[in-house]
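The values are calculated or read from the model by the stated rules, or taken from the named source; none is laboratory data. Everything quoted here is computed from the prediction, not taken from an experiment. Neighbour counts are summed over all protein chains in view; Cβ atoms, including those assigned to glycine, are modelled from backbone coordinates with ideal geometry.
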Amino acid sequence: MVTRRQFIGLTGAATAAAALPGLASALDAPHYNIDIAPYALEVAPRRTIKTIAYNAQVPGPLLRLKEGEPVTIRVTNHTANNEIVHWHGLFLSPAVDGAMEEGTPHIAPGNTASYTFTPRPAGFRWYHTHTFAGRDLKRAQYTGQHGFLYIEPRQNPAPYDQEFFLALHDWNGNLLASDDGSMNPSYDVSTINGRTLGFGEPLRVKQGQRILLHIVNTSATDPHWIAFAGHQLRVVALDGNPVPQPQTVPMLHLSPAERICAVVEMNNPGVWILGEVRKSVQARGMGIVVEYAGSSGKPQWQQPSSLNWDYLQFANPTPPPESKAIEIPLVFESKFAGHGDLDRWLINGKSYPDTESPTLTSGQPYRLLFKNRSTDDHPVHLHRHSFELRRIQGHPETHGIMKDTVLVPAGTQLEVEFTADNPGPTLFHCHQQDHMDMGFMMLFRYA
């Protein structure tokens, strides 16, 4: 059987040659430098995890770019394996998007690549590795290779006094057998910004402030529920895109690769915990202390009684326009590969690299009909485009919510629309590392 990375190796010479025009000259002065290298991350007192990181920190450096202004980023690979950086959520050419399946060349060990692009759209994006892990849970998105990417908008989604960027991540993964005998990752450490709860500096705030939280789930496989004890969160953007109806909610739900921007009114002085709602995950370390000026004492947590989240509460309340999109059905299924093995994943009955490659016509709207016939949830991601959420099973048509990653729950159907307005090979995949590795990918191609 040919794996996705073996397939890329067979075709990489041709696609890399085609992609080279999108690479900046090595002589160009970069605006930012990113060094990929082994790193010992101290997640808790006397507890260190050996991983791979950007610029010897986890998360990697915050890159603040201006919408429409060209930027050059130089990336050097100091590891023993091929690497690549994907600029998640940006409308880029395949040459620099950061997916070898689309044609971006990998960065060989000891080598440097410089990427020049014009960042758009504005909003909270992120960057991360986009390589194969398989059964090695010390590689790819299981590592610390992720960082914040913020494209400065002309107008902020909401007024605020202070902002914080927070990355949720899971560490020390092991493959454990599920009830049906297939293997799934399980973790023993979970962090916010590379630290377990109580280790490292708190978020320091003042009474009367409005703070803006930019939260991304960088976990390789797991979703997370986040609440802020003593406070409510007003969601103003999903995946970096302002929502039509901001709403105040008691908690957030983020599947792998999803981002949420939320405003919090600092009106309840004290020392509080912002963290995972599920007790078992918070016990693994996923939380951070928020400390008001002048307050001290043990951080307080208030346990929610239930888990609540609904995309549709942020949708445009007006009737949606009539759709003129061409429909493309995509059926998600798994194939049991044997006891002690990872399941194979299928789109319309085939695994990558044998999946179909639908042809898109530039300027044409398309509706993707996600039909999840598996028993797993899938956070699916479309590269180089944003899409609009149009229907969730059991609910009427909706509109106005723009995303690049959306969760399709097990056994359900969900529909999104996008306009084919960024020519070139376009990757679509589940953002769970183990699902992507085992065939849950396909390419769209432009006519």
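Conditions (1) aliphatic (A, V, I, L, M); (2) in contact (Cβ under 8 Å) with a residue 24 or more places away in the chain; (3) at positive phi, marked per residue:
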position: Ile392; (1), (2), (3): yes, yes, no
position: Pro396; (1), (2), (3): no, no, no
position: His399; (1), (2), (3): no, yes, no
position: Met402; (1), (2), (3): yes, yes, no
position: Thr405; (1), (2), (3): no, yes, no
position: Val408; (1), (2), (3): yes, yes, no
position: Thr412; (1), (2), (3): no, yes, no
position: Phe418; (1), (2), (3): no, yes, no
position: Asn422; (1), (2), (3): no, yes, no
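Taken over region 97-124, residues that are part of a loop (DSSP other than H, G, I, E, B), crowded, with 18+ Cβ neighbours inside 10 Å and in contact (Cβ under 8 Å) with a residue 40 or more places away in the chain amount to 10.
Going by the conditions given, is Ala133 assigned to a loop (DSSP other than H, G, I, E, B), more than 22 Å from Met436 (Cα to Cα) and aliphatic (A, V, I, L, M)? It would help to see each step written out before you state the result.
Working: assigned to a loop (DSSP other than H, G, I, E, B): yes; more than 22 Å from Met436 (Cα to Cα): no; aliphatic (A, V, I, L, M): yes.
So Ala133 fails the test.
Criterion first (under 18 Å from Met442 (Cα atoms) and at pLDDT 95 or above) does Thr79 satisfy it? No; evaluated as a whole, the condition is false for this residue.
A single entry from Gly363, Gly294 fulfils the requirement of being part of a loop (DSSP other than H, G, I, E, B) and assigned by TED's automatic domain parsing to the domain that holds Tyr187: Gly294. The criterion of being within 22 Å of the chain's Cα centre (by Cα), surrounded by fewer than 20 Cβ atoms within 10 Å (Cβ to Cβ) and under 21 Å from Asp161 (Cα atoms) does not hold for Val271.
Taking strands (runs of 3 or more DSSP E) that fall entirely within region 143-212, which contain at least 1 residues that are modelled with pLDDT of 95 or more?
Working: elements: 146-152, 162-171, 174-177, 183-186, 189-192, 203-205.
Qualifying strands (runs of 3 or more DSSP E): 146-152, 162-171, 189-192, 203-205.
Taken over region 73-96, the residue count meeting the criterion of being surrounded by fewer than 23 Cβ atoms within 10 Å (Cβ to Cβ) and in a loop (DSSP other than H, G, I, E, B) is 8. I'd like to check something: does region 304-312 contain any residue that is of a type outside the set (D, E, K, R), farther than 19 Å from Met402 by Cβ, touching an Asp or Glu at 6+ places or on another chain (Cβ under 9 Å) and not assigned by TED's automatic domain parsing to the domain that holds Val416? Within region 304-312, none of the residues are of a type outside the set (D, E, K, R), farther than 19 Å from Met402 by Cβ, touching an Asp or Glu at 6+ places or on another chain (Cβ under 9 Å) and not assigned by TED's automatic domain parsing to the domain that holds Val416. Answer with yes or no whether Thr72 is over 24 Å from Thr405 (Cα atoms), of a type in the set (Ser, Thr, Tyr) and in contact with a His (Cβ under 7 Å, 6 or more places away or on another chain). In short, yes. Ser295 fulfils the conditions (1) of a type in the set (Gly, Ala, Ser); (2) over 15 Å from Gly230 (Cβ atoms); (3) without any contact (Cβ under 8 Å) to a residue 60 or more places away in the chain except for a single criterion, (2).
Here region 371-384 is the region considered, the condition is being buried (at least 18 other Cβ atoms within 10 Å of the Cβ), not in a strand (DSSP E or B) and not charged (D, E, K, R), and the residue that is modelled with the highest pLDDT is His383.
One line per residue, one yes/no per condition, for (1) touching an Asp or Glu at 6+ places or on another chain (Cβ under 8 Å); (2) over 18 Å from Trp126 (Cβ atoms); (3) outside the structural domain of His86 (by TED's automatic domain parsing):
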{"position": "Asn193", "(1), (2), (3)": "no, no, yes"}
{"position": "Leu203", "(1), (2), (3)": "yes, yes, yes"}
{"position": "Gly208", "(1), (2), (3)": "no, yes, yes"}
{"position": "Leu212", "(1), (2), (3)": "yes, no, yes"}
{"position": "Ala220", "(1), (2), (3)": "yes, no, yes"}
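Restricting region 232-259 to residues that are buried (at least 19 other Cβ atoms within 10 Å of the Cβ) and among the charged types (D, E, K, R) leaves a set whose member that is farthest from Arg210 (Cα to Cα) is Glu258. Of all residues in region 19-72, none satisfies the criterion of being at pLDDT below 95, touching a Gly at 6+ places or on another chain (Cβ under 9 Å) and assigned to a strand (DSSP E or B).
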